[in-house]
Amino acid sequence: MKLLLCAAIFFSLCAVSRAADVKYIYYDDDFFTEDIKGPKKESDKKLKTDFIPWLRQQFYDSSEKETIAKQMLAFDWSMLARGFRHGGIGAGMSFEKQIIPHLSASAYFGQAFVFKNSDGWGCYTFSPAGFVYYYPISRQLRKFYISTGFCWDLILYFGDVPESASASSFSIYPQAGWKFSLPWRFLLDIFAGYKFAFNKNGAFYGNSADILGFGFQWGISFKHYMKKRD
């Protein structure tokens, strides 16, 4: 009798294992939970091909699954590179902070110093700017964004130039890019934009205007977002 009972239990378990694919079983506090993987539904297949559901999923993933990124600091490598290329040194720093979900504001300041060149002049540059960012598929400072900024650039010359020689410009700088999540609260920012200078004053000696980066721009930068405080 016991032998028949054991055989009945064995065949019942085999039948259950064929009927459902048990992905995992784990113990949580005082109960068991199963994740049963059944046949794919038509709605699941459609989810992969429809753009709107994919966009909605990106929105929820950014707000529920990833580390909170609401403010960040970034070093401007392009200002450093342009300074070196023109025989000097440069640095830039930006701070971005979320205003409301999907929207943030950023303050930027860059400065460069170019040593006297063969033409006998050098210069200082000052570049404060402000930007507004919009993240359509993320509630945080990550993934796709579009932005626009207002820039003021000032160059002060020294050396073999007229006394108090200077030049300035005001620019609008629209951009678009994508911020990819990296470990240790870093983001990889790939972007492109165009800096429209609509008001230039004074004389730009030599190629000094190149330091300010007018026209089409693109770049890759690393940004670090700050840990949220409770």
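The values are calculated or read from the model by the stated rules, or taken from the named source; none is laboratory data. Bear in mind that the values here come from a model prediction, so they are computed numbers and not experimental data. Reconstructed Cβ throughout: ideal geometry from the backbone, glycine too, with neighbour counts over all protein chains shown. What goes into the accessible areas is simple: the full protein's heavy atoms, side chains included, and nothing from ligands, DNA or RNA. Shrake-Rupley method; radii C 1.70, N 1.55, O 1.52, S 1.80 Å.
Observations on the structure shown:
- Of all the listed residues (Gly149, Gly110), the sole one being free of Cβ contacts under 8 Å to residues at least 40 places away in the same chain, farther than 20 Å from Met226 by Cβ, open to solvent by less than 10 Å² (accessible area, probe 1.4 Å) and in contact with a strand residue (DSSP E or B) (Cβ under 7 Å, 6 or more places away or on another chain) is Gly110.
- Restricting the range 88-99 to residues that are open to solvent by less than 20 Å² (accessible area, probe 1.4 Å) and modelled with pLDDT under 90, the residue that is nearest to Ala69 (Cα to Cα): Gly92
- From the list Arg85, Arg56, the lone residue that is at pLDDT 80 or above and among the charged types (D, E, K, R) is Arg85.
- When Gln175 is tested against (1) free of Cβ contacts under 8 Å to residues at least 60 places away in the same chain; (2) closer than 16 Å to Asp76 by Cβ; (3) open to solvent by 40 Å² or more (accessible area, probe 1.4 Å), only condition (3) is not met.
- Boolean, Ala69 is open to solvent by less than 90 Å² (accessible area, probe 1.4 Å), modelled with pLDDT under 80 and in contact with a Leu (Cβ under 9 Å, 6 or more places away or on another chain): yes
- When the range 183-221 is filtered for residues that are closer than 13 Å to Leu141 by Cα and part of a strand (DSSP E or B), the ones remaining, listed by number, are Phe186, Leu187, Leu188, Asp189.
- Test: residue in the range 100-113 that is modelled with pLDDT under 80 and either in contact with an Asp or Glu (Cβ under 9 Å, 6 or more places away or on another chain) or outside any helix (DSSP H, G or I) (or both): no
- Odd one out for Ser127, checked against (1) over 30 Å from Trp54 (Cα atoms); (2) open to solvent by 60 Å² or more (accessible area, probe 1.4 Å); (3) in contact with a strand residue (DSSP E or B) (Cβ under 7 Å, 6 or more places away or on another chain): (2)
- Subset of the range 131-161 [closer than 30 Å to Pro183 by Cβ, part of a strand (DSSP E or B) and of a type outside the set (Val, Ile, Thr)]: Phe131, Tyr133, Tyr134, Lys143, Phe144, Tyr145, Ser147, Gly149
- Count of the range 152-172 residues, restricted to those that are crowded, with 19+ Cβ neighbours inside 10 Å and under 17 Å from Phe216 (Cα atoms), is 3.
- Any hit, the range 193-213, residues being at pLDDT 85 or above, in contact with a Lys or Arg (Cβ under 9 Å, 6 or more places away or on another chain) and open to solvent by 50 Å² or more (accessible area, probe 1.4 Å): no
- Residue list for the range 130-139, restricted to those being surrounded by fewer than 21 Cβ atoms within 10 Å (Cβ to Cβ), aromatic (Phe, Trp, Tyr) and closer than 23 Å to Phe51 by Cα: Tyr134
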